[in-house]
Amino acid sequence: MGGGMSLKVLLCGPRGFCAGVVRAVAMVEACLVKFGAPVFVRHEIVHNKYVVEGLRAKGVVFVKELDEIPDSAVREGRPVLFSAHGVSKAVVAEGVRRGFMVMDATCPLVHKVHTSASALHKQGHKIMMVGHAGHPEVKGTMGQLPDGESILVQDVAEAEGLVLPVGWEELPLALATQTTLSVDETAEIIAVLQRRFPRLKLPRKEDICYATTNRQAAVKVVAPLVELMIVVGAPYSSNSVRLRETALQAGCPQAVLVQRAAELAVVDFVGVEAVGVTSAASAPEELVEEVLDFLRGKFGEVTVEEKVVVAEDMFFAMPQELRV
């Protein structure tokens, strides 16, 4: 197909930036306005190359660890931001020790998980964390607790084979989860853990955030109606990858994850009459528009219909010191 043929596009709604990402990016922008460049950010503020490169061009310096930031940042009053994914207590302590002017852009929903895990640990619980090894959010949440006080479970197989650390056999257990996981897969993992460890205490409210849940729900509605699902996001972004997986599991024959529209040049559109388009919680809407422009250029006649499964009105205010 292509070259003048018609195409139907179903836009998933909601899609794109969540309230936590909006807040984090706005905090960086506000720091640039208030303090000028450079502004330092530990880790990528959000998992999106387009957003990060845009901020870097304005004078934001991204570092993997705080030791990459020179001492002159303290003397010059340079702001240092923690990313939306959250950080461990050790990173916070390092920022305090070095005297940085820290601005914490941790998503409030991630912060709630931190608070819950810390409170449960203080009550005597050992923590089971469902998430992906190495992900900054997982490092941040498990880093709220002393070493050896939490254990990571990544999938159903790990849940089935999990052996508790020595000394945990009779102790109370509590659950925490990464906020950007697959809703369905996480439910399966938790079901296994509950069956194997009946004393496991669950959070009062689901840790998986509203934006992750809503975006996956929209994909589930659209996926059976199209031959191809295009997910705009980053390959190293958990919520991006989960959207592609959700589309395939919901019955879409083909699903691709692209950072920019140009990557669609190698996609096989033969037999494709309807395409679904969504974007991850860290992907800006202009990248979705870029994809739609690509499809118009390829197909000529394109009709776009939005399928909204739920309206979002979540808003997280910036810290008082950054408000205009």
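Using 1/(1 + (r/R0)^6) with R0 = 25 angstrom and r between the beta carbons of A37 and K64, what's the FRET efficiency to the nearest 0.05?
Details: r = 20 Å, r/R0 = 0.78.
Efficiency computed from Cβ-Cβ geometry: 0.80.
Between V272, V192, T303, whose Cα lies farthest towards the positive end of the dipole of the chain when Lys and Arg beta carbons carry +1 and Asp and Glu beta carbons carry -1, centred on the Cα centre?
Ranked along the dipole, the leading option is V192.
What does the C-alpha gyration tensor say about the overall shape of the range 109-208? Classify as rounded when a/c is under 1.5, otherwise prolate if a/b is larger than b/c, or oblate.
Values: a/c = 1.36, a/b = 1.03, b/c = 1.32.
Rounded is the answer for the range 109-208, as its axis ratio a/c remains below 1.5.
I'd like the projected area of the range 109-150, averaged over all directions, using the convex hull of its alpha carbons. Report it in nm² with one decimal.
Working: hull surface 10.9 nm².
Averaged projected hull area, Cα only: 2.7 nm².
May I ask you to derive the relative contact order of the range 19-107, considering only C-alpha pairs under 8 Å and at least 6 residues apart, and to give it as an integer percent? Before the final figure, lay out the partial values.
Details: 136 pairs, mean separation 30.8, N = 89.
Reported relative contact order: 35 percent.
When a/c is below 1.5 the answer is rounded, else prolate if a/b is larger than b/c, else oblate, so apply that to the chain with a ≥ b ≥ c taken from the square roots of the Cα gyration tensor eigenvalues. Mind dumping the intermediate values first?
On the way: a/c = 2.39, a/b = 1.23, b/c = 1.95.
Oblate, since a/c reaches 1.5 and b/c is not below a/b.
Need the C-alpha centroid separation for the range 90-157 versus the range 225-252, integer Å.
That distance is 27 Å.
Relative to a virtual label point 7 Å from the Cα of V156 in the Cα→beta-carbon direction, which members of the range 178-192 show backbone nitrogen distances below 12 Å?
Zone members listed by number: 184-192.
Give the calculated FRET efficiency between T213 and L171 to the nearest 0.05, with a Förster radius of 41 Å applied to their Cβ-Cβ distance. Could the numbers behind the result be given before it?
Details: r = 31 Å, r/R0 = 0.75.
Approximately 0.85, to the nearest 0.05.
Taking the simple approach of a point 7 Å from Cα along Cα-to-Cβ for both E286 and L202, what is their distance in nm?
Roughly 4.2 nm, to one decimal.
For the range 169-180, just list the computed ³J(HN,Hα) in residue order, Karplus coefficients 6.51, -1.76 and 1.60, θ = phi - 60°, integers in Hz, with x standing in for Gly and Pro.
Values, residue by residue: 3, 10, 7, x, 10, 9, 10, 9, 9, 4, 7, 10 Hz.
Excluding M5 itself, calculate the net charge of residues whose Cβ lies under 10 Å from the Cβ of M5, where each Lys or Arg counts +1 and each Asp or Glu counts -1.
Details: positive: K298; negative: E273, E301.
Result for the local shell: -1.
Using the crude model of +1 on Lys and Arg Cβ and -1 on Asp and Glu Cβ, and no other charge, please compute the dipole size for the range 19-107 relative to its Cα centre, in debye to 20.
120
Please give the peptides 283-291, 262-270 ranked by average Cβ packing (other Cβ atoms within 10 Å per residue), highest first, as a rough proxy for protection.
On the way: 283-291: 18.1, 262-270: 12.3.
Ranked by mean Cβ neighbours within 10 Å, highest first: 283-291, 262-270.
Can you give the FRET efficiency for A317 and M5, using 1/(1 + (r/R0)^6), R0 = 45 Å, r = Cβ-Cβ distance, to the nearest 0.05?
Numbers: r = 47 Å, r/R0 = 1.05.
It comes to 0.40.
Going Cα to Cα from K89, which aspartates and glutamates come in below 17 Å? Please leave out same-chain ones fewer than 8 positions away.
Once the sequence-local aspartates and glutamates are set aside, what remains near K89 is E65, D67, D104, E137, D147, E149.
Could you give the radius of gyration (one decimal) and Dmax (whole number) of the Cα atoms in the range 124-282, in Å?
Calculated on Cα positions, Rg and Dmax stand at 18.0, 58 Å.
Suppose every Lys and Arg Cβ carries +1 and every Asp and Glu Cβ carries -1, with no other charges. What dipole size does the chain come out with about its Cα centre, to the nearest 20 debye? Mind showing how you got there, number by number?
Values: 33 positive and 39 negative charges, 171 e Å.
With only Lys, Arg, Asp and Glu charged at Cβ, the dipole is about 820 debye.
FYI, it's all coordinate maths here, none of it is from the lab. All of these numbers come straight from a predicted model, not from anything done at the bench. Reconstructed Cβ throughout: ideal geometry from the backbone, glycine too, with neighbour counts over all protein chains shown.
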